[in-house]
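For reference, the structure discussed in these notes is given below.
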Amino acid sequence: MRTAVRRFLADHDIARRAGTVAVACSGGADSLALAAATVHCAAALGTPVHGLVVDHQLQPQSAQVARTTAAQLRRLGCAAVQVLTVTVNRAAGSGGLEAAARGARYQALRAAAPPGGLVLLGHTLDDQAETVLLGLGRGSGPRSVAGMRELDPPWGRPLLTVRRTVTVAACGALHLQPWADPHNTDPRFRRVRLRTEVLPLLEDVLAGGVAEALARTAEQLREDLDVLDQQASRLLTAARRGVDGSDLDVAALASHPAALRRRVLRRWLLDAGVPELTDAHLRASDDLIGRWSGQGPLRLPGAVDLTRTQGRLHVC
């Protein structure tokens, strides 16, 4: 645990770029062990560590769990500890209770993050493998299958190479008392069934090493995606037209591969405020470049129209 955190802090020069580091701690083994390792490693850098405990109020004992977790963080040596109480809108969105709780949690953590600092999350290699499988199941493209980034400010994930069994062992070695969230074994949640049914079956059928293989696949995809994103960023800059750069020049994009054009369109449309873009939206948008036959405006989410006029793409 300490080796993983020490490497993360050194690789990303955390002592220089972040005066303070926060650790989001649910009270579970992953985040509790992360907090302990971070306090230990950050002390050598003179970097204070804050603890952030989110109480989702989804279970009767949640307030007591939050208080107990906060007390353990103080004993570990966190410079400051804050309990963030959130209200989860169970009716919000289409992702169910999991997605609603995640949204409320991240919003609270982002608001409580130290200015210019990072919030470290206890996601492990096992979480990464589950994320890759979820992305594959949704068919949502390489960006989803690439999983979680180690550094994605304001978030940091030092444990993406560490198995969940190691965090449990670390808590035992330090005599910490992690909380076992009953939601983590509730088969109503898709991720729980992946963890308890699908991954064990894959490990059995493929003779082990599946979680590590999925995590390696995610890392390889992220490296490729980073290169493509850099190319798309340069192409977007070259293709912008208009006084405020709000239009795209079709001719500047037409000679490039469709996969690169769609990356440009995705970034441009997101910058223009178009929400919830899907692969189908991007392919239809790209048809205005690669399969142009005089078609009319394309309706996109958010009641936005994408049009091609006089060799330029424009949103209105």
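Here, each number is a calculation from the coordinates, and none is a lab measurement. Please read all numbers here as calculations on a predicted model, not as lab measurements. All Cβ positions, glycine included, derive from the backbone under ideal geometry; neighbour counts span all protein chains shown.
Worth a mention:
- Evaluated over the chain, the Cα radius of gyration and Dmax, each in Å: 22.3, 69
- For the stretch 229-241, Karplus couplings with θ = phi - 60° (6.51, -1.76, 1.60), whole Hz, Gly/Pro x: 5, 5, 5, 5, 5, 5, 5, 4, 4, 6, 8, 5, 9
- Beta-bridge orientation, the chain: approximately 45 percent antiparallel, per DSSP, counting only bridges with both partners inside.
- Value of relative contact order over the stretch 2-214, rounded to a whole percent, pairs C-alpha under 8 Å and six or more apart: 22 percent
- Filtered trypsin sites (Lys or Arg not before Pro), the stretch 69-134: DSSP coil and at most 15 other beta carbons within 10 Å: Arg90
- Applying 1/(1 + (r/R0)^6) with r as the Cβ-Cβ distance of Val243 and Ala280 and R0 = 25 angstrom yields a FRET efficiency of 0.20.
- Ratio of Rg to Rh over the stretch 138-204 (Cα coordinates, Kirkwood Rh, two decimals): 1.01
- Treating each Cα of the stretch 1-149 as one equal point scatterer and applying the Debye formula with no solvent, the log10 of I(q)/I(0) at q = 0.09, 0.10, 0.14 Å⁻¹ comes out as -0.31, -0.38, -0.74.
- Helix axis angle, 164-173 relative to the chain longest principal axis, alpha carbon, degrees: 30 degrees
- 5 Å-binned pair-distance histogram of the stretch 242-315 (Cα, whole percent): 3, 16, 33, 28, 17, 3
- Residue of Trp268, Trp292, Trp179 that the Gaussian network model of the chain assigns the largest fluctuation, springs spanning Cα pairs under 10 Å: Trp292
- When the chain is treated as a GNM with alpha-carbon contacts under 10 Å, the residue of Gly135, Gly116, Gly77 showing the greatest mean-square fluctuation is Gly116.
- Springs between Cα atoms under 10 Å define the GNM used for the chain, and in it the highest mean-square fluctuation of Asp229, Asp127, Asp305 occurs at Asp305.
- Protection-proxy order for peptides 157-164, 185-192, each taking the mean of Cβ atoms within 10 Å per residue, highest first: 157-164, 185-192
- Between the stretch 260-283 and the stretch 15-65, the Cα center-to-center distance that results, in Å: 35 Å
- Modelled label positions at Glu98 and Ala112, each set 7 Å beyond Cα in the direction of Cβ, lie 2.4 nm from each other.
- Relative contact order for the stretch 242-315, counting Cα pairs under 8 Å that sit 6 or more residues apart, in percent: 37 percent
- Angle in degrees between helix 2-11 and the longest Cα principal axis of the chain, rounded to the nearest 10: 40 degrees
- Listed residues Thr38, Ala79, Thr161: farthest to the positive end of the dipole of the stretch 2-214 (Cβ charges): Ala79
- Amide hydrogen proximity for Arg312: with H placed 1.01 Å from N in the peptide plane, the residues at 5 or more positions away or on another chain lying under 5 Å are Val250.
- Here the Karplus curve 6.51 cos²θ - 1.76 cosθ + 1.60, taken at θ = phi - 60°, turns the phi angles of the stretch 114-125 into couplings of x, x, x, x, 10, 10, 8, 10, x, 5, 9, 4 Hz, with x standing for Gly and Pro.
- Inter-site label distance for Val304 and Val168 at 7 Å from Cα along Cβ, in nm: 4.5 nm
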